[in-house]
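Student: Structure provided below as structure tokens; questions to follow.
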Amino acid sequence: MKLVIAKDYAEMSRLAADEFFALVASKPDCVLGLATGSTPIGLYDCLVEDYEAGKISFADVTTFNLDEYRGLDPEHNQSYHYFMNEHLFSRVDIPAQSTHVPDGANPDSDAACSDYEAGIIAAGGVDLQLLGLGHNGHIGFNEPCDHFPVDTHVVKLTERTIQANSRLFDSIDEVPREAYTMGIGTIMKARRVVLVANGADKAQTVHDAFFGPVVPQVPASALQLHPDVTVIVDEEAGALCK
Ligand code: GLP
């Protein structure tokens with residue numbers, strides 16, 4: 001694992017965007033794994049800047065997002081589908097059919113999950129997976145539990161995640177209680193992983209995930225076993241790792 005401590009959010013975002021820039025420039029038909037949450041917004045802004053400056057094209061890129069709320073339509077303004085359109089897809093030249101987000105509106109959870117997993121395999125697997133980090137150590141929506149889930153699956157969100165994510169909804173009652181997420185196994189199959197985290201409220205989680213024991217109660221700790229992970233944090237989130 002490589003740990004990079006950037007001086008602030010802007011530097012963290014630029015350094016992480018550079019990893020994606022370098023891959024897309026060297027392999028224009030690469031497969032990217034993408035993430036939502038507030039942390040990667042700066043990174044997506046950097047990639048849009050690069051695109052607008054004519055330095056990079058996403059025309060041949062394929063993307064697979066980590067997760068999606070179950071029961072939300074892609075057009076719902078809190079769906080991860082909507083988030084990705086807002087922050088990246090509608091701002092660059094990626095064809096809509098090359099972007100994939102689990103289908104939150106599909107009530108057949110087995111089909112939604114197995115189709116998604118099969119789609120990733122058919123595309124040749126993920127070259128570079130972006131991750132944020134939940135306060136309880138979750139990645140995607142893999143919540144702390146007693147095992148590492150393997151494939152894309154349905155998950156019941158914990159109270160802590162529902163609370164944390166309620167800031168984006170009109171009321172906490174509107175936050176979906178379930179989500180579709182890539183499994184830890186799906187994430188571990190990506191050839192490379194970049195995880196971003198910022199802010200003092202993530203410092204303990206970053207420390208536990210990357211310097212604590214590998215346990216499913218801290219889902220991100222599985223990444224310690226991945227052969228090519230870069231963790232990029234700002235000084236606040238990296239404060240306990242020095
Ligand atoms: C959500 C997402 C995660 C994300 C996490 C942290 O629960 N499912 O993929 O990493 O929140 O979000 P933030 O970056 O806003 O702290």
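The values are calculated or read from the model by the stated rules, or taken from the named source; none is laboratory data. The structure presented is a predicted model; accordingly, all values stated were derived computationally and were not measured. Neighbour counts run over all protein chains shown; Cβ positions are idealised from the backbone, glycine included.
Residues are listed down the side, and each one gets a yes or a no for (1) closer than 25 Å to Leu23 by Cβ; (2) among the polar types (S, T, N, Q); (3) assigned to a loop (DSSP other than H, G, I, E, B):
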{"residue": "Ile187", "(1), (2), (3)": "yes, no, no"}
{"residue": "Ala190", "(1), (2), (3)": "yes, no, yes"}
{"residue": "Val196", "(1), (2), (3)": "yes, no, no"}
{"residue": "Asp208", "(1), (2), (3)": "no, no, no"}
{"residue": "Val215", "(1), (2), (3)": "no, no, yes"}
{"residue": "Ala220", "(1), (2), (3)": "yes, no, no"}
{"residue": "Gln224", "(1), (2), (3)": "yes, yes, no"}
{"residue": "Ile232", "(1), (2), (3)": "yes, no, no"}
{"residue": "Glu236", "(1), (2), (3)": "no, no, yes"}
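Student: From the set of residues in the range 1-20 that are more than 17 Å from the chain's Cα centre (by Cα) and closer than 18 Å to Asp127 by Cα, which is surrounded by the most Cβ atoms within 10 Å (Cβ to Cβ)?
Tutor: Met1
Conditions (1) among the polar types (S, T, N, Q); (2) more than 18 Å from the chain's Cα centre (by Cα), marked per residue:
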position: Asp146; (1), (2): no, yes
position: Tyr180; (1), (2): no, no
position: Thr186; (1), (2): yes, no
position: Val206; (1), (2): no, no
position: Pro219; (1), (2): no, no
position: Val233; (1), (2): no, no
position: Ala239; (1), (2): no, yes
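Student: Kindly indicate the residue of the range 187-217 that is more than 15 Å from the ligand (Cβ to nearest atom) and among the aliphatic types (A, V, I, L, M) and also surrounded by the most Cβ atoms within 10 Å (Cβ to Cβ) among those meeting that condition.
Tutor: In this case the residue turns out to be Met188.
Student: Looking only at the range 72-106, which residues are surrounded by 15 or more Cβ atoms within 10 Å (Cβ to Cβ) and small (Gly, Ala, Ser)?
Tutor: If the condition is that a residue be surrounded by 15 or more Cβ atoms within 10 Å (Cβ to Cβ) and small (Gly, Ala, Ser), then Ser79, Ser98, Gly104, Ala105 are the ones that fit.
Student: So, restricting to strands (runs of 3 or more DSSP E) that lie completely within the range 107-182, which ones have at least 1 residues that are surrounded by 13 or more Cβ atoms within 10 Å (Cβ to Cβ) and near the ligand (Cβ under 9 Å from one of its atoms)?
Tutor: The strands (runs of 3 or more DSSP E) meeting that bar are 128-131, 178-181.
Student: Could you look through the range 60-112, keep only residues that are hydroxyl-bearing (Ser, Thr, Tyr) and over 22 Å from Asp45 (Cβ atoms), and pick out the one that is farthest from the chain's Cα centre (by Cα)?
Tutor: Step by step, filter the range 60-112, then rank; the result is Ser109.
Student: Taking the range 37-54 as the search range and keeping residues that are part of a loop (DSSP other than H, G, I, E, B) and surrounded by 23 or more Cβ atoms within 10 Å (Cβ to Cβ), which one is farthest from the ligand (Cβ to nearest atom)?
Tutor: So, considering only residues that are part of a loop (DSSP other than H, G, I, E, B) and surrounded by 23 or more Cβ atoms within 10 Å (Cβ to Cβ), the one farthest from the ligand (Cβ to nearest atom) is Pro40.
Student: Next up: Does Asn85 meet the test of being more than 12 Å from the ligand (Cβ to nearest atom), in contact with a Ser or Thr (Cβ under 9 Å, 6 or more places away or on another chain) and either modelled with pLDDT under 95 or of a type in the set (S, T, N, Q) (or both)?
Tutor: Yes, satisfied.
Student: Enumerate the pairs (first residue in the range 213-233 and farther than 10 Å from Ile184 by Cα; second residue anywhere and surrounded by 15 or more Cβ atoms within 10 Å (Cβ to Cβ) and acidic (Asp, Glu)) with beta-carbon separation below 7 Å, excluding pairs fewer than 6 apart on the same chain, so at least 6 apart or on different chains.
Tutor: Taking only residues 6 or more apart or on different chains, the pairs are Val218/Asp208; Thr230/Glu19.
Student: crowded, with 17+ Cβ neighbours inside 10 Å, touching a helix residue (DSSP H, G or I) at 6+ places or on another chain (Cβ under 7 Å), free of Cβ contacts under 8 Å to residues at least 60 places away in the same chain and aromatic (Phe, Trp, Tyr): does that describe Phe64?
Tutor: no
Student: Taking the range 99-144 only, how many residues are touching a residue at least 40 places away in the same chain (Cβ under 8 Å) and either closer than 12 Å to Thr181 by Cβ or of a type in the set (A, V, I, L, M) (or both)?
Tutor: 21
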